[in-house]
Amino acid sequence: MLRILWTCVLVLLMAGQALAGPLTIAAGAGYKKLVTDLAAAYEKTSGTKPELIFGNMGQVTTQAKAGGVIDVIIGEKGFLEKSGLKFSGVAEIGHGILCLAWPKGKTFTDAKEIAKPDVKRVAMPDAKKAIYGRAATQFLAKTGLDKTIKDKLLVVATVPQVTTYVVSGEVDAGFVNRTDIMNVGDKVGGYLEVDPSLYAPIVIVAESLAGSPNIAGAKSFSAFLATDAAKAIAKKHGM
């Protein structure tokens, strides 16, 4: 019965979507593979292929404020609520996890070990542009490491950039999210989850923009995120 109901709802939403043009979804670069998989699964269910935009969240929200293009933004709930954008609906995807990753040849048993003398360079996303940069900053402040390792820090715009530095071995460690680092497999030496009590909870959501160019499409995608198929994809990507 629920499957039939979902199908009927989707058909009705798709009827309106067909008149509105493409469904455009924007997301933080650290969730590219997650969002790409969700979009592919949605396409199989609905017959509609979303257009995807990725970047740091500062870029994404700036483009959304320009209007007329983006229908749905995927990112951290608190950040989006403070962005100044107006939304018409929200669907939760999962919870983000801050991790410390390191290249092959290195080993860490605790994130606080970045203070050791043999750790020369630690990468992290910019706290002003990426939620995991903010989470890493909170971790460093709460542990007192912010002053100890400040000269070791390499600050970049996005999580994937940190991951690239870790994979290449250009840094001894880097702060990333579990979703991004899981996708690189054995290209890194390993990673560990940072104690979640040392940074604010990270809730990843899909927010539908008020005044979206494709309101029906945004509603359809949000409804899809509540399905078992979408939840399974989020779990696969570490949420």
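Taking the residues in the stretch 37-55 that are open to solvent by less than 20 Å² (accessible area, probe 1.4 Å) and in contact with a strand residue (DSSP E or B) (Cβ under 7 Å, 6 or more places away or on another chain) as candidates, determine which candidate is farthest from residue 224 (Cα to Cα). By that ranking, first place goes to 50.
Here 115, 127, 141 are screened, and the one residue that is under 24 Å from the mean Cα position of the chain (by Cα), free of Cβ contacts under 8 Å to residues at least 40 places away in the same chain and over 23 Å from residue 179 (Cβ atoms) is 141. Among residues of the stretch 225-239 that are at pLDDT below 95, those with a Cβ under 6 angstrom from a residue that is hydroxyl-bearing (Ser, Thr, Tyr) and not in a loop (DSSP other than H, G, I, E, B), sequence gap 6+ or separate chain, pair up as 237/179; 238/179.
Would you tally the residues in the stretch 55-69 being assigned to a strand (DSSP E or B) and closer than 15 Å to residue 207 by Cα? Reasoning before the result, please.
In the first step, residues of the stretch 55-69 are kept if they are assigned to a strand (DSSP E or B); the result is 55.
Pick out the ones that are also closer than 15 Å to residue 207 by Cα and you get none.
Going through the stretch 55-69 one residue at a time, the tally reaches 0.
Checked against the criterion of being surrounded by 14 or more Cβ atoms within 10 Å (Cβ to Cβ), charged (D, E, K, R) and closer than 30 Å to residue 218 by Cα, the stretch 98-117 contains not a single residue that satisfies it. Looking only at the stretch 180-195, residues that are within 13 Å of residue 162 (Cα to Cα) and part of a helix (DSSP H, G or I) come to 2 in all.
I'd like to verify a number: residues in the stretch 205-226 that are out of contact with any helix residue (DSSP H, G or I) (no Cβ under 7 Å at 6 or more places or on another chain) and either assigned to a loop (DSSP other than H, G, I, E, B) or open to solvent by 30 Å² or more (accessible area, probe 1.4 Å) (or both), how many? Break it down stepwise before answering.
Of the stretch 205-226, the ones out of contact with any helix residue (DSSP H, G or I) (no Cβ under 7 Å at 6 or more places or on another chain) are 210-211, 213, 215, 218, 222, 225-226.
Of the ones still in play, those that are also either assigned to a loop (DSSP other than H, G, I, E, B) or open to solvent by 30 Å² or more (accessible area, probe 1.4 Å) (or both) are 210-211, 213, 215, 225-226.
Of the residues in the stretch 205-226, 6 are out of contact with any helix residue (DSSP H, G or I) (no Cβ under 7 Å at 6 or more places or on another chain) and either assigned to a loop (DSSP other than H, G, I, E, B) or open to solvent by 30 Å² or more (accessible area, probe 1.4 Å) (or both).
Looking only at residues of the stretch 153-204 that are open to solvent by 70 Å² or more (accessible area, probe 1.4 Å) and of a type in the set (A, V, I, L, M, F, W, C), we find that the one that is nearest to residue 109 (Cα to Cα) is 182.
The values are calculated or read from the model by the stated rules, or taken from the named source; none is laboratory data. Keep in mind it's a predicted model, so treat the numbers as computed, not measured. A quick note on method: Cβ atoms are made from the backbone with ideal geometry, for glycine too, and the neighbour counts reach across all protein chains shown. When the accessible area is computed, the model is the full protein with side chains, heavy atoms only, and any ligands, DNA or RNA have been set aside. Shrake-Rupley method; radii C 1.70, N 1.55, O 1.52, S 1.80 Å.
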